[in-house]
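This report refers to the structure that appears directly beneath it.
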Amino acid sequence: MERTPAWGIEPVPERLRVLGLLDNGLLWGNLGVSLLVLVAGTYLVPALSLPEAVVAIVVGSLIGNAMLGVAGMIGADARVPAMVLMRAPLGQRGSWGPTVINAAQCVGWSIFELLIIATAVAALSDEVLGFRAQWLWTLLFGAAALALALLGPIDFVRRFVRKFAVWAVLASLVYLTWWALDGAGLGSLWDRNGEGGSSVLEGVDLVVAITVSWIPLAADYTRFSRTRAGAFLGSGGGYLLASIWLWLLGAILFFSRDITDPAALPVAVAAGGVGATLALLAVTVDETDEAFANVYSTAVSIQNLAPRLPQRALLVAVSIVATLGALTIDLLSYQTFLLLLGSFFVPLFGVLLADWLAAGSHYSEQDVFGGPAVRLGMICAWIAGFAVYQWLYPTGPHWWVDLVEKLEPPNWGIGASLPSFAVSLTLGLVIATLGKRRF
């Protein structure tokens, strides 16, 4: 079989569409195992009680993963990367806007992932071995992310996830779950009242927002799927199972171990003995696949702007930038900017879905590569959804939030993801139908 790491923006040929349901499920289940999701679970409590948090996690995961699965299915249908796919609803040059935003957020999240991994491993090595050497761990995991990216999606699944990652991570999560519940008294945790300050719907919105952050990357991987059904069930189902587990574990850890940030987790786990330490180490090492996905998708996104640039060279360049960023940037202050970028992609998916449905739930090569330069109406639908998102839940740097709050956002407690998606989807359907997909 021909290797695929350097496959560009052209539709993937039939001979390379080899990822089945299991492959997709393992890939997305592996991406769902993340320290960031684990820590995000602690944000739901104690504002919500544990039963309320469970409702928010399950409902938010079902909604978010349905969206992720559909995005993966559209990618398998069109057989092109995610940002190339945006040529269909937004136009050939209209796709450049989301491409730049996605490349920026992928680089940012690559840096953030390496920073989280290096911080966690440094804290673990300091506790166990007596030294931190965070710079060394940053370099090592930056190199590991590059090595995985150079494998490409198919070899990543078959040579890394299948043979190593899935078994190590599964065993580790089982052990960490036992460790979190050991002596905690699940009954007493379950009966503990929430402190208020957040609604279940806002919890649902948080879960949805983190899940759909993968939508602008989904097609980069599902384009290699054998079938649309395999892509839908594999991406949506694989990420669903893993993320629910991590969200629930994070919420329980808040109550049982008082853990609320990635740096505190290694120290607390190391105190639990060798078994717990090894389990956390496996999960932390597996976090490298998040950096891999962001590095790979950055390179593929850039190729939508410059198709002739060699993908391998882009992978090396992006990895170097991400590693240097993790060594020098205080990304915790940059995280708000990444959240601002992320709010573009919920309404963008609404526009994509609307256009795909208007096209008869199928994109041909002509739809992707033969459309107009710009489809202004669909771009306006996207911007309208973004405006609704920010109005309902201003997020981003302080200067941006202060600016939006002058519009007096309502305090409805319903979140922003679903209303934003609904607005962009509805407007997109109207515009795509009335304009016969040319407006």
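The values are calculated or read from the model by the stated rules, or taken from the named source; none is laboratory data. None of these values were measured; they are calculated from a predicted model. For neighbour counting, all protein chains shown are included, and Cβ atoms are generated from backbone atoms with ideal geometry for every residue, glycine included. What goes into the accessible areas is simple: the full protein's heavy atoms, side chains included, and nothing from ligands, DNA or RNA. Shrake-Rupley method; radii C 1.70, N 1.55, O 1.52, S 1.80 Å.
Remarks
- Selection count where residues are in contact with a helix residue (DSSP H, G or I) (Cβ under 8 Å, 6 or more places away or on another chain) and either charged (D, E, K, R) or farther than 20 Å from SER34 by Cβ (or both), scope the range 173-182: 1
- Test for ILE329: is it open to solvent by 70 Å² or more (accessible area, probe 1.4 Å), touching a residue at least 24 places away in the same chain (Cβ under 8 Å) and out of contact with any Ser or Thr (no Cβ under 7 Å at 6 or more places or on another chain): yes
- Out of VAL318, VAL374, VAL351, sole residue that is out of contact with any strand residue (DSSP E or B) (no Cβ under 8 Å at 6 or more places or on another chain), touching a residue at least 60 places away in the same chain (Cβ under 8 Å) and outside any helix (DSSP H, G or I): VAL374
- Hey, VAL80 modelled with pLDDT of 95 or more, open to solvent by 10 Å² or more (accessible area, probe 1.4 Å) and not charged (D, E, K, R) or not: no
- Filter result for GLY371 (at pLDDT below 95, surrounded by fewer than 15 Cβ atoms within 10 Å (Cβ to Cβ) and of a type in the set (Gly, Ala, Ser)): no
- Taken as a whole, the structure places GLY187 among residues that are assigned to a helix (DSSP H, G or I), over 23 Å from the mean Cα position of the chain (by Cα) and of a type outside the set (Ser, Thr, Tyr).
- The range 79-125: number of residues that are in contact (Cβ under 8 Å) with a residue 60 or more places away in the chain and closer than 30 Å to THR277 by Cα: 18
- ALA53 vs. criteria over 24 Å from LEU315 (Cα atoms) and open to solvent by less than 10 Å² (accessible area, probe 1.4 Å): yes
- Criterion (without any contact (Cβ under 8 Å) to a residue 60 or more places away in the chain, out of contact with any Gly (no Cβ under 9 Å at 6 or more places or on another chain) and open to solvent by 30 Å² or more (accessible area, probe 1.4 Å)) met by exactly one of LEU151, LEU140, LEU181, LEU146: LEU140
- Selected residue (criterion: surrounded by the most Cβ atoms within 10 Å (Cβ to Cβ)) from residues of the range 389-400 that are hydrophobic (A, V, I, L, M, F, W, C) and in contact (Cβ under 8 Å) with a residue 12 or more places away in the chain: LEU392
- Evaluation of SER198 against (1) modelled with pLDDT under 95; (2) open to solvent by 40 Å² or more (accessible area, probe 1.4 Å); (3) assigned to a helix (DSSP H, G or I) (one fails), failing number: (3)
- For the range 402-416, the criterion of being crowded, with 20+ Cβ neighbours inside 10 Å and not in a loop (DSSP other than H, G, I, E, B) is satisfied by no residue at all.
- Residue under evaluation TRP109, criteria (1) open to solvent by 40 Å² or more (accessible area, probe 1.4 Å); (2) within 15 Å of the chain's Cα centre (by Cα); (3) farther than 27 Å from VAL283 by Cβ, criterion not met: (3)
- Check on ALA218, under 30 Å from ASN411 (Cβ atoms), crowded, with 22+ Cβ neighbours inside 10 Å and touching a residue at least 24 places away in the same chain (Cβ under 8 Å): no
- Condition check for VAL208: in contact with a Ser or Thr (Cβ under 6 Å, 6 or more places away or on another chain), open to solvent by 10 Å² or more (accessible area, probe 1.4 Å) and part of a helix (DSSP H, G or I): no
- Scan the range 154-173 for residues that are open to solvent by 60 Å² or more (accessible area, probe 1.4 Å) and of a type outside the set (Lys, Arg) and the total you get is 4.
- The range 58-77, residues that are surrounded by fewer than 24 Cβ atoms within 10 Å (Cβ to Cβ) and among the β-branched types (Val, Ile, Thr): VAL58, VAL59, ILE63, VAL70
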